[in-house]
Amino acid sequence: MTDIDGITITRLSERPALIDRVYDIDETWPAFIPHELVGNALLNQVPEDFPEYCVVATDGDRVVARGLSVPFDAGLDGREEMPDQGWSRVLVWAFRDRRRGQPPTAVSALEITVDSAYLGGGLSYPMLAAMREAVREQGHETLLAPVRPTAKHRQPHVPMADYILQLRDDGLPSDPWLRVHVKSGGTIEKVAPASMTVSGSLAQWRQWTDLPFDRDGDVEVPGALVPVRCDLTHDRAVYVEPNVWIRHGAR
């Protein structure tokens with residue numbers, strides 16, 4: 001347990017009464033993100049099925065942040081520690097391995113989400129540290145993370161491989177969330193080019209974004225890290241989001 005300025009951070013397995021409340025947070029995720037099929041099907045089950053790998057922050061009785069991670073076996077045929085399909089792939093592997101009783105060899109973070117009223121207060125650092133500690137308590141030496149850079153949406157046409165090379169004068173990443181990870185001891189390893197995919201009809205994308213989606217080609221969408229590809233003929237628009245794999249030592 002960690003106490004910082006009145007905020008308590010613990011593993012969710014130590015406070016099971018909060019499992020059903022970890023989503024009681026004022027979030028700032030783009031409206032289209034919850035429609036990613038893998039996440040929509042599995043993410044809500046993570047706190048209940050993997051509470052020992054998850055952390056929660058409270059301010060009094062209020063849940064103000066959550067950190068979710070999952071274990072998986074990276075050594076099976078066709079697998080690797082940092083797959084190109086990043087976030088969605090490790091989420092599927094984790095539940096498949098749990099169902100089959102497969103012992104994990106790796107752990108991947110899924111998200112750290114801070115209530116909008118608490119953003120900018122430095123809570124991300126102790127949340128990340130608490131997640132590393134939770135992973136260490138489960139006997140793992142490394143925490144992997146397919147990170148969603150928080151400022152990438154401002155440069156949607158810049159390839160992620162180029163974006164991660166943008167540094168400040170002090171040599172740290174210019175992106176705020178990548179910078180938190182690097183300052184916390186993480187190492188940027190590679191790009192996950194297809195970490196999550198959101199596919200929907202044009203009517204759905206219009207509802208999610210309030211944009212017309214009335215022409216073929218790339219559409220810039222607020223909050224999207226890369227443009228959304230619109231296809232009028234097939235009444236479809238597809239968003240394939242790249243993330244950045246970062247490796248943290250847990251010991």
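Among the residues of segment 156-178, is there at least one that is of a type in the set (Lys, Arg) and closer than 30 Å to residue 13 by Cα?
For segment 156-178, residues of a type in the set (Lys, Arg) and closer than 30 Å to residue 13 by Cα: absent.
Among the numbered criteria (1) touching a strand residue (DSSP E or B) at 6+ places or on another chain (Cβ under 6 Å); (2) more than 27 Å from residue 3 (Cα to Cα); (3) of a type outside the set (S, T, N, Q), which one does residue 134 miss?
(2)
If you take the residues of segment 165-208 that are closer than 22 Å to residue 125 by Cα and small (Gly, Ala, Ser), which of them is surrounded by the fewest Cβ atoms within 10 Å (Cβ to Cβ)?
The qualifying residue surrounded by the fewest Cβ atoms within 10 Å (Cβ to Cβ) is 171.
Any residue in segment 230-244 that is in a helix (DSSP H, G or I) and under 22 Å from residue 31 (Cα atoms)?
Applying the first criterion (in a helix (DSSP H, G or I)) to segment 230-244 yields none.
No.
Would you please name the residue that is modelled with the lowest pLDDT, looking only at residues in segment 9-56 that are of a type in the set (D, E, K, R) and closer than 19 Å to residue 91 by Cβ? Spell out the reasoning first.
The initial filter retains those residues of segment 9-56 that are of a type in the set (D, E, K, R), namely 11, 14-15, 20-21, 24, 26-27, 36, 48-49, 52.
Next, from what is left, pick out any that are closer than 19 Å to residue 91 by Cβ: 27, 36, 48-49, 52.
Numbers: 27: 92, 36: 96, 48: 97, 49: 98, 52: 98.
Top of the filtered list is 27.
Report, by residue number, each residue of segment 123-151 that is of a type outside the set (D, E, K, R), open to solvent by 40 Å² or more (accessible area, probe 1.4 Å) and more than 16 Å from the chain's Cα centre (by Cα).
Scanning segment 123-151 gives 138, 139, 142.
One line per residue, one yes/no per condition, for (1) outside any strand (DSSP E or B); (2) modelled with pLDDT under 95; (3) out of contact with any Lys or Arg (no Cβ under 6 Å at 6 or more places or on another chain); (4) of a type in the set (S, T, N, Q):
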| residue | (1), (2), (3), (4) |
| --- | --- |
| 169 | yes, no, yes, no |
| 178 | yes, no, yes, no |
| 189 | no, no, no, no |
| 193 | no, no, yes, no |
| 221 | yes, no, yes, no |
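Of the residues that sit in segment 69-116 and are basic (Lys, Arg) and part of a helix (DSSP H, G or I), which one is nearest to residue 9 (Cα to Cα)? Quick ask: steps written out before the conclusion?
Step one: of segment 69-116, the residues basic (Lys, Arg) are 79, 89, 96, 98-100.
Now restrict to residues that are part of a helix (DSSP H, G or I): 89, 96, 98-100.
Numbers: 89: 28, 96: 29, 98: 26, 99: 29, 100: 31 Å.
Step by step, filter segment 69-116, then rank; the result is 98.
Where residues in segment 233-243 are out of contact with any Pro (no Cβ under 6 Å at 6 or more places or on another chain) and open to solvent by less than 70 Å² (accessible area, probe 1.4 Å), which of them is nearest to residue 135 (Cα to Cα)?
So the first thing to find is which residues in segment 233-243 are out of contact with any Pro (no Cβ under 6 Å at 6 or more places or on another chain), and the list is 233-241.
If we keep only those that are open to solvent by less than 70 Å² (accessible area, probe 1.4 Å) as well, we get 237-241.
Numbers: 237: 37, 238: 34, 239: 31, 240: 29, 241: 26 Å.
Among residues in segment 233-243 that are out of contact with any Pro (no Cβ under 6 Å at 6 or more places or on another chain) and open to solvent by less than 70 Å² (accessible area, probe 1.4 Å), the one nearest to residue 135 (Cα to Cα) is 241.
Given 247, 251, which one is at pLDDT below 95 and closer than 30 Å to residue 140 by Cα? Spell out how you get there, then give the answer.
Values: 247 fails: at pLDDT below 95.
Only one candidate qualifies: 251.
The values are calculated or read from the model by the stated rules, or taken from the named source; none is laboratory data. Just so you know, these numbers come straight off a predicted model, no measurement behind them. Virtual Cβ from ideal backbone geometry, glycine too; neighbours counted across all protein chains shown. Keep in mind that these areas ignore ligands, DNA and RNA; they rest on the heavy atoms of the full protein, side chains included. Shrake-Rupley method; radii C 1.70, N 1.55, O 1.52, S 1.80 Å.
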